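The structure under discussion appears below in the form of structure tokens.
The values are calculated or read from the model by the stated rules, or taken from the named source; none is laboratory data. On a predicted model such as this, the values are computed, not experimentally measured, just so you know. Note that each Cβ is placed from the backbone with ideal geometry, even for glycine, and that neighbours are counted across all protein chains shown.
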Amino acid sequence: MKIRLTLFVILINTVVVFAQHPNGKIRKGNTAYKDSSYSDAEQLYREALMKDQSSYEASFNMADAIYKQERYSEANSLFKALSEKTDDKIKKSESYHNLGNSLLKEQKLDEAIEAYKNALRNNPKDLDTKHNLAYAMRMKNQSQEQEKEEQKEEEKEEDNKEEKEEQEEEEKDKGENQEEKGEQSEEEKKEEPKQPQDPNEMTEEEAQQILDALQQQEKELQEDLQKKKQKGVKLKILKDW
């Protein structure tokens, strides 16, 4: 981006000692400005204004020196006052141009764009101002796009957060329901009455006793048969009546 700061350089031949003449202070201030000694330049311009408070050149160049020291808010006020102070369209355009530059440094894009437009209203042929205006408008568009992307990300994060909270709530409710069912099942088991025993139903102990008795009977029967084999079996003879 082209940042143009206009310095009014006034060369006046005079027999008066320059140190005592306001224009001499302006000339020295311009020299300090070109040497990047902006604080010294500012002081010299202030001294020039003490001699001639109506000096547009001293005020304008002092505002430039303040801008170079990155005191943008102060520079804004000075450039704005200068744009309202003069009726000269070129000077007015240059004041608005530098006001736009200072506002741009503070990321005040809408105000900077308006300042550049005011500069072009007073000097439509100023190519530097056209360039800076286009640059400021591109910055604004980029800023708006970035804000949209950030808003989308925030909305996405918020949606994910809500979805996660809902899932956690569902899992919590599910766990509580399962716990309640488990407790209820245990209570039902405790409270469940014992079924009355069927009187015809044989217990395991009774079945074992019967089995033992049958085995004993079978044993006795086998022993008895064995004895009979040894004595011989007596056959009944059919009698002829």
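Values as computed for the structure displayed
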item	result
Gln167, sole failed condition from (1) within 30 Å of Glu70 (Cβ to Cβ); (2) free of Cβ contacts under 8 Å to residues at least 60 places away in the same chain; (3) surrounded by fewer than 17 Cβ atoms within 10 Å (Cβ to Cβ)	(1)
All positions within region 54-103 that are surrounded by fewer than 20 Cβ atoms within 10 Å (Cβ to Cβ) and part of a loop (DSSP other than H, G, I, E, B)	Ser54, Gln69, Glu70, Arg71, Thr86, Asp87, Asp88
Complete set of residues in region 104-145 that are of a type in the set (D, E, K, R) and assigned to a loop (DSSP other than H, G, I, E, B)	Glu106, Lys108, Lys125, Asp126
Region 50-75 residues that are of a type in the set (Lys, Arg), paired with ones that are not in a helix (DSSP H, G or I) (beta carbon under 8 Å, 6 or more apart)	Lys51/His21; Lys68/Leu5; Lys68/Ser36
Failed condition for Val17, given (1) within 30 Å of Ile113 (Cβ to Cβ); (2) in contact with a Gly (Cβ under 8 Å, 6 or more places away or on another chain); (3) at pLDDT below 95	(1)
